[in-house]
Amino acid sequence: MPAVSVLNAENPFELFFRDPVYLEFKNHLYNYLRRKEEIASFLGRATGPVLEVGSGVSPVTEGEGFLIYSDMSEEAVRILTRAKAGRRAVALSATDIPFKDQSVSVLVSSEVLEHIADDERALSEMTRVLKPGGRLILTVPAHAVYFSYDDHFVKHVRRYSVKALVRTLGGLGFVDFRVSKVAGLLEKISMIGVVFAFHLLSRRKREAGREERRPAAAHPWLSRLLPIYKAANRGYAQLVKWEAKLMPLALTSIVLVTCVKRPGK
């Protein structure tokens with residue numbers, strides 16, 4: 001696997017990447033906890049390299065093996081390199097993965113494809129670098145009818161039809177599909193509120209311009225809120241989980257799709 005040069009990429013969240021309190025809040029948000037929990041239940045024990053494409057500053061993959069994090073953001077890669085001692089973090093584009101053919105055993109990509117205009121090329125690249133028999137694990141926002149304010153703000157290009165995504169992956173040579181409901185209506189409604197709050201915070205930071213400002217970590221009241229925030233999000237993540245499991249797939253807002261690359265492909 002070659003060394004990878006660092007890329008620059010527009011990211012509306014980079015404004016907060018250096019803020020440790022923001023990162024604590026982000027890494028304990030119920031939405032993130034749900035995706036991480038669901039992915040862990042399908043990951044198992046990989047016998048070879050595991051690549052996470054689009055890790056951002058909050059990877060969803062954990063494990064003891066050879067794990068590689070990646071993102072387009074230079075800032076995210078620097079933060080990951082510092083925070084994940086002993087792990088490799090590289091900058092790359094999902095549509096041009098600079099790894100050898102059939103070089104990774106598992107590829108994980110969570111909430112990434114919906115940001116990519118040419119998602120079919122990204123899926124083709126993911127297929128190329130996976131070994132035959134290797135596992136692909138994706139989470140994506142589901143159902144175009146849910147496309148709304150929060151999708152626009154975080155620069156989603158689309159939401160996915162599960163049937164269409166499975167059909168596309170089947171055409172690339174994947175088999176043994178499993179679909180899991182990660183979150184439902186509660187998550188969708190809540191995320192609109194979360195993104196609106198984030199929008200207000202980011203606008204305040206932009207309006208401050210070049211003024212000298214203390215980081216959020218310098219505000220002790222935010223740090224005092226963290227234990228309450230973490231406990232509340234752990235509880236809410238379980239509520240979101242069971243609401244999604246009980247609801248039909250047609251009402252799901254986030255789905256996990258996992259499949260295996262057919263030998264010989």
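Quick grid of which residues meet (1) touching a Cys at 6+ places or on another chain (Cβ under 7 Å); (2) at pLDDT 95 or above; (3) not basic (Lys, Arg):
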residue: 126; (1), (2), (3): no, yes, yes
residue: 131; (1), (2), (3): no, yes, no
residue: 154; (1), (2), (3): no, no, yes
residue: 165; (1), (2), (3): no, yes, yes
residue: 182; (1), (2), (3): no, yes, yes
residue: 193; (1), (2), (3): no, no, yes
residue: 200; (1), (2), (3): no, no, yes
residue: 209; (1), (2), (3): no, no, yes
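Take the range 147-183 and flag every residue that is on the phi < 0 side of the Ramachandran plot, touching a strand residue (DSSP E or B) at 6+ places or on another chain (Cβ under 8 Å) and of a type outside the set (A, V, I, L, M).
The answer is 151, 156, 159, 160, 161, 170, 174, 177, 178, 180, 181.
Would you check which residues across the range 88-101 are surrounded by fewer than 16 Cβ atoms within 10 Å (Cβ to Cβ) and either in a strand (DSSP E or B) or touching a strand residue (DSSP E or B) at 6+ places or on another chain (Cβ under 6 Å) (or both) and list them?
96
Look through the range 102-126, keep the residues that are outside any strand (DSSP E or B) and of a type in the set (Val, Ile, Thr), and return whichever of them is farthest from residue 68 (Cα to Cα). Spell out how you get there, then give the answer.
So in the range 102-126, the residues outside any strand (DSSP E or B) come out as 102-103, 111-126.
Imposing the further condition that a residue be of a type in the set (Val, Ile, Thr) reduces the set to 112, 116.
Values: 112: 16, 116: 21 Å.
For the range 102-126, the residue satisfying everything is 116.
Please determine whether any residue of the range 130-138 is more than 25 Å from residue 47 (Cβ to Cβ), of a type in the set (A, V, I, L, M) and out of contact with any Ser or Thr (no Cβ under 6 Å at 6 or more places or on another chain).
Taking the range 130-138 and keeping what is more than 25 Å from residue 47 (Cβ to Cβ), we get none.
Scanning the range 130-138, I find no residue that is more than 25 Å from residue 47 (Cβ to Cβ), of a type in the set (A, V, I, L, M) and out of contact with any Ser or Thr (no Cβ under 6 Å at 6 or more places or on another chain), so the answer is no.
Each row is one residue, and each column tells you yes or no for (1) modelled with pLDDT of 70 or more; (2) assigned to a loop (DSSP other than H, G, I, E, B); (3) acidic (Asp, Glu); (4) surrounded by fewer than 14 Cβ atoms within 10 Å (Cβ to Cβ).
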site: 3; (1), (2), (3), (4): no, yes, no, yes
site: 23; (1), (2), (3), (4): yes, no, no, no
site: 60; (1), (2), (3), (4): yes, yes, no, no
site: 75; (1), (2), (3), (4): yes, no, yes, no
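One line per residue, one yes/no per condition, for (1) touching a residue at least 12 places away in the same chain (Cβ under 8 Å); (2) out of contact with any Lys or Arg (no Cβ under 8 Å at 6 or more places or on another chain); (3) of a type in the set (A, V, I, L, M, F, W, C):
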site: 76; (1), (2), (3): yes, yes, yes
site: 80; (1), (2), (3): yes, no, yes
site: 87; (1), (2), (3): yes, yes, no
site: 100; (1), (2), (3): yes, yes, no
site: 110; (1), (2), (3): yes, no, no
site: 115; (1), (2), (3): yes, no, no
site: 120; (1), (2), (3): yes, yes, no
site: 124; (1), (2), (3): yes, yes, no
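The values are calculated or read from the model by the stated rules, or taken from the named source; none is laboratory data. Just so it is clear, the model here is predicted, and its values are computed rather than measured. Virtual Cβ from ideal backbone geometry, glycine too; neighbours counted across all protein chains shown.
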